[in-house]
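To keep things clear, I will list the structure first and then write my remarks on it.
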Amino acid sequence: MLAELLYRRFFSRPIPRCAWRLDFGADYADAILEKFADRKPQDIIRTLTRFSAAAIVRSLEENVPALGSLDTLISSGGGVRNGTLLQQIQDLQEIQDLLPQAPDSAAVG
């Protein structure tokens, strides 16, 4: 399942790219869930979380030339409330500090 998600045509588009409903929308989600219906729900959630982490890291690697020299990365959005997602991002990129910025907190200026 993870391989199929990661090798979606979306990722071969040139950057900058933006996902929209036809890339990962309800129809695609329904098709993936139907294809992998034999999997346990907790395994599907775990795989989707890993996919999210891998997609974020891939985007960072493709768009942030100095990424390898950064010790700290500030993250924002609803995903900062998902400790598993943040840990997987850190594990995949070997970022020393991944600092969550809660969506309702003041912006960093």
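None of the figures in this text is laboratory data; all of them are computed from the coordinates on show. Here the structure is a predicted model, which means the values were calculated and not measured. Don't worry about glycine lacking a Cβ; one is built from the backbone with ideal geometry, like all the others, and counts go over all protein chains shown.
Taking each DSSP H run with n ≥ 4 as -39500 (n - 2.57) and averaging over every residue of the chain yields -14500 deg cm²/dmol at 222 nm. As a ratio to 2.2 N^0.38 Å, the alpha-carbon radius of gyration for the chain is 1.16. Over all directions, the projected convex hull of the C-alpha atoms in the stretch 17-68 averages 4.4 nm² in area.
Taking other Cβ atoms within 10 Å as a rough exposure proxy, Ile15, Ile89, Ile56 sort from fewest to most as Ile15, Ile56, Ile89. The angle between the Cα long axis of helix 41-63 and the main principal axis of the chain comes to about 50°, on a 0 to 90 degree scale. Among Arg13, Arg21, a tally of other beta-carbon atoms within 10 Å of each Cβ gives an order, fewest to most, of Arg21, Arg13. Taking other residues whose beta carbon is less than 14 angstrom from the beta carbon of Asp97, and scoring Lys, Arg as +1 and Asp, Glu as -1, yields -3.
The chymotrypsin sites (Phe, Trp or Tyr not before Pro) of the stretch 1-40 that DSSP puts in a loop, and whose beta carbon has at most 10 other beta carbons within 10 Å, are Tyr7, Trp20. Which angle from 0 to 90°, rounded to the nearest 10, does the C-alpha axis of helix 26-35 make with the longest principal axis of the chain? Taking the Cα atoms of the chain, the angle to 26-35 is about 60 degrees. Count the net charge of all other residues whose Cβ sits under 13 Å from the Cβ of Val57, scoring Lys and Arg as +1 and Asp and Glu as -1. With Lys, Arg at +1 and Asp, Glu at -1, the net is -2.
Exposure proxy shown here: for Thr47, Thr72, Thr84, the number of other Cβ atoms within 10 Å sets the order, fewest to most, as Thr72, Thr84, Thr47.
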